[in-house]
Amino acid sequence: MLRDVEPGFLSPRHLEKLEKMRKDAKIPLYPGCKVSKLEADLMLLDLKSTYGLSDKAFEDILCVLEKLLPSPN
């Protein structure tokens, strides 16, 4: 299956991103939260896709969430 991916996919840069996602899958969004960082990212991207949110609308929502969540998030 790995031979079917596009050339350069397993570059050091991509491997670093993959490793960060693996770590974020185990880290809660904030202490006591049942949702991981990766899960929260995927939930938000799913909403963006499902409702066809523009990049501007999505950025505005992220700014509101940043103010609502405990620091640092």
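The values are calculated or read from the model by the stated rules, or taken from the named source; none is laboratory data. This structure is a prediction, so every number in the text was calculated from the model and none was measured. Cβ sites come from the backbone with ideal geometry, for glycine too, and all protein chains shown count toward neighbours.
What about Glu16, is it modelled with pLDDT under 95 and either under 25 Å from Pro72 (Cα atoms) or assigned to a helix (DSSP H, G or I) (or both)?
Values: modelled with pLDDT under 95: yes; either under 25 Å from Pro72 (Cα atoms) or assigned to a helix (DSSP H, G or I) (or both): yes.
In short, yes.
Okay, residues lined up against (1) exposed (fewer than 10 other Cβ atoms within 10 Å of the Cβ); (2) small (Gly, Ala, Ser):
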| site | (1), (2) |
| --- | --- |
| Arg13 | yes, no |
| Met21 | no, no |
| Ile27 | no, no |
| Gly32 | yes, yes |
| Ser36 | no, yes |
| Ala40 | no, yes |
| Met43 | no, no |
| Asp46 | no, no |
| Leu53 | no, no |
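Of all residues in segment 29-73, those that are over 22 Å from Glu19 (Cα atoms), of a type outside the set (Asp, Glu) and in a helix (DSSP H, G or I) total 14.
Scanning segment 42-73 for residues that are among the acidic types (Asp, Glu) and at pLDDT below 95 yields a single hit, Glu66. Do the conditions hold for Ser71, that is, is it free of Cβ contacts under 8 Å to residues at least 24 places away in the same chain and loosely packed, with under 10 Cβ neighbours inside 10 Å? Taking the combined requirement at face value, the residue satisfies it.
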